[in-house]
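**Q** My structure is below; once you've seen it, I'll send some questions.
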Amino acid sequence: MEQPEVLITRDQIRERVAELAAQLREDYRDKNPVLVGVLKGSFIFMSDIVRALDIPLGVDFISVSSYGREMESSGEIELLQDLKTTVKGRDVLVIEDIVDTGICLNFVLHTLHQKKPASVKVCTLLDKPSSRKNPVKIDYTGFTIPDKFVVGYGLDFDEQYRYLPDVCFLDTESQS
Ligand code: PRP
């Protein structure tokens, strides 16, 4: 299997996570927020953010269906796993690994708003604005990246590469 090229090193990620956590700590101190991780790609970022935050908070997860290339244009997507926590009146912070087309995040935000939380904000490790199809407001961004396929630090290609400690470019052409 081809070794992907590093885009963002583990040290850069660690530094940025600390910066984001410092900002989030200020914004969410005394709010006891619920952090909602969007499975599966966010699980490593989520665990690093939670540990770096060091404030009282709840965690929960939501899962939505993946979609193939042909489904991106139609935006078809469905809820696979809903929250177990009641978030009515709570401050919710959505944790994403990457916002690409924005279809997934839009669906997640729509689902969450129906639960009448006090607030909903979004924190994503990676933002790829050049691929956006559904406009979406992101409140906290780790890194803005170019329009290339990335893996590692929780992100996969066909369920591979999630374990890589760095965020890497993957030449998907050479994988098939
Ligand atoms: C990825 C990623 C985001 C979503 C972003 O999840 O984790 O949730 O796609 O893409 P979008 O902005 O184009 O909607 P994926 O469906 O690959 O599932 P995974 O997290 O389980 O790998």
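**Q** What number of residues in the stretch 98-150 are of a type in the set (D, E, K, R), over 21 Å from Ile13 (Cβ atoms) and more than 10 Å from the ligand (Cβ to nearest atom)? Outline the logic, then answer.
**A** First, pick out the residues of the stretch 98-150 that are of a type in the set (D, E, K, R): 100, 115-116, 121, 127-128, 132-133, 137, 139, 147-148.
The next check asks that each one be over 21 Å from Ile13 (Cβ atoms); those that pass are 115-116, 132-133, 137.
Retained after the next criterion (residues that are more than 10 Å from the ligand (Cβ to nearest atom)): 115-116, 137.
Within the stretch 98-150, residues that are of a type in the set (D, E, K, R), over 21 Å from Ile13 (Cβ atoms) and more than 10 Å from the ligand (Cβ to nearest atom) number 3.
**Q** Only one of (1) touching a Cys at 6+ places or on another chain (Cβ under 6 Å); (2) within 16 Å of the ligand (Cβ to nearest atom) is not met by Val6, so which one is it?
**A** (2)
**Q** List pairs: first in the stretch 96-124 and among the aromatic types (Phe, Trp, Tyr), second open to solvent by 30 Å² or more (accessible area, probe 1.4 Å) and more than 9 Å from the ligand (Cβ to nearest atom), Cβ under 8 Å, 6+ apart or cross-chain?
**A** Once the first residue is among the aromatic types (Phe, Trp, Tyr) and sits in the stretch 96-124, its partners that are open to solvent by 30 Å² or more (accessible area, probe 1.4 Å) and more than 9 Å from the ligand (Cβ to nearest atom) give Phe107/Leu79.
**Q** Do you know which of the residues in the stretch 100-135 that are in contact with a helix residue (DSSP H, G or I) (Cβ under 6 Å, 6 or more places away or on another chain) and open to solvent by less than 20 Å² (accessible area, probe 1.4 Å) is nearest to Asp48 (Cα to Cα)?
**A** Leu125
**Q** Within the stretch 68-76, is there a residue that is touching a residue at least 12 places away in the same chain (Cβ under 8 Å) and among the aliphatic types (A, V, I, L, M)?
**A** no
**Q** In the stretch 137-176, what residues are assigned to a loop (DSSP other than H, G, I, E, B), under 13 Å from the mean Cα position of the chain (by Cα) and buried (at least 19 other Cβ atoms within 10 Å of the Cβ)?
**A** Tyr153, Gly154
**Q** Just for the stretch 33-66: of the residues that are polar (S, T, N, Q) and at pLDDT 95 or above, which one is nearest to Lys121 (Cα to Cα)? Full working, then the answer.
**A** Here is the first cut: in the stretch 33-66, the residues polar (S, T, N, Q) are 42, 47, 63, 65-66.
Remaining after also requiring at pLDDT 95 or above: 42, 47, 63.
Values: Ser42: 15, Ser47: 18, Ser63: 17 Å.
Checking each candidate, the answer is Ser42.
**Q** Can you list residue pairs whose Cβ atoms sit under 6 Å apart, with the first residue in the stretch 131-153 being under 25 Å from Tyr163 (Cα atoms) and without any contact (Cβ under 8 Å) to a residue 40 or more places away in the chain and the second being open to solvent by less than 30 Å² (accessible area, probe 1.4 Å) and away from the ligand (no atom under 11 Å from the Cβ)? Count only pairs 6 or more apart in sequence or on different chains.
**A** What qualifies is Phe149/Leu170.
The values are calculated or read from the model by the stated rules, or taken from the named source; none is laboratory data. The model shown is predicted, which means the values in this text are computed figures rather than measured ones. Note that each Cβ is placed from the backbone with ideal geometry, even for glycine, and that neighbours are counted across all protein chains shown. Remember, those area values only see protein heavy atoms, side chains included, never the ligands or the DNA or RNA. Shrake-Rupley method; radii C 1.70, N 1.55, O 1.52, S 1.80 Å.
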